[in-house]
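Contents: one structure, followed by commentary.
The values are calculated or read from the model by the stated rules, or taken from the named source; none is laboratory data. These numbers were taken from a predicted model, which means no experiment stands behind them. Here the Cβ positions follow ideal geometry from the backbone for every residue, glycine too, while neighbour counts run over all protein chains shown.
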Amino acid sequence: MATAQRKSKTQLGRAAVQIFAANDRINQMLIEHLDPAAWKAKPPGNARTIAAIFTHMHNVRTKWLRLTSPHLKVPRQLNRAHCTPRQAREGLAESAARCTEMLGEALGGEGRIRKFHRDGWAKAWPVGPEMLCYMLSHEAHHRGQVFMLAHQLGFPLPNKVMCGAWNWEKLWKECGSPSGPGGDS
């Protein structure tokens, strides 16, 4: 691999790790500030509870890990019927740590991970930015559901959380990247 191409992959891998860590920090912030009564409150219709949404996010991560990087330790799945906010935070933190390892390997030029497997039924993709984008899109979709459900159920999240989800400079610093987005740390 040419030096410039290797450097580009290494930068992409480092950025992917930082981006996914910031992504999980948003999840952690939501759970930290969510009214405990909202956790298992029944939404209208046939929608998932907030507890079920967060356990689904974690369990999907474990599937990505199991299918894409079986050499990494796959965290245990969470039970959406019995999962507490604390268990969800711990599970999400662990699965985020494994996902950042997977992204670092896949996008960092190490070559051990060559395909991203979203699901057993879906065609595998070559690793690349699309892998990270897919993972982030899945998480952002479900976070949007949580914001909306909390509000609809009468437990709106504080403005500092609503705005904090968009303050990536602060999120990156909280995740150990002092220079923030675009920095080379």
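Please tell me if Ala140 is closer than 11 Å to Asn23 by Cβ, in contact with an Asp or Glu (Cβ under 7 Å, 6 or more places away or on another chain) and at pLDDT 95 or above. No; evaluated as a whole, the condition is false for this residue.
Remark: pairs (first residue in segment 13-28, closer than 19 Å to Pro129 by Cβ; second residue of a type in the set (Ser, Thr, Tyr) and at pLDDT 90 or above; Cβ separation under 7 Å; 6+ apart in sequence or on different chains) = Val17/Thr100; Phe20/Thr100; Ala21/Thr100. Among the residues of segment 54-70, those identified as more than 13 Å from Gly91 (Cβ to Cβ) and not in a loop (DSSP other than H, G, I, E, B) are Lys63, Trp64, Arg66, Leu67, Thr68.
Here is the figure for segment 71-91: residues that are part of a helix (DSSP H, G or I) and either in contact (Cβ under 8 Å) with a residue 40 or more places away in the chain or under 15 Å from Glu101 (Cα atoms) (or both) total 3.
Among all positions in segment 50-57, there is at least one residue which is crowded, with 16+ Cβ neighbours inside 10 Å and over 18 Å from Leu153 (Cβ atoms).
What's the total number of residues in segment 115-167 that are part of a loop (DSSP other than H, G, I, E, B) and either acidic (Asp, Glu) or in contact with a Pro (Cβ under 7 Å, 6 or more places away or on another chain) (or both)?
The first filter runs over segment 115-167 and keeps only residues part of a loop (DSSP other than H, G, I, E, B), leaving 117-124, 127-128, 153-158, 165-167.
Pick out the ones that are also either acidic (Asp, Glu) or in contact with a Pro (Cβ under 7 Å, 6 or more places away or on another chain) (or both) and you get 119, 153.
Number of matching residues: 2.
The C-beta contact set for segment 48-59 (first residue farther than 11 Å from Pro85 by Cβ, second residue of a type in the set (Lys, Arg) and assigned to a helix (DSSP H, G or I), distance under 9 angstrom, 6+ apart or interchain) comprises Ile53/Arg143; Met57/Arg143.
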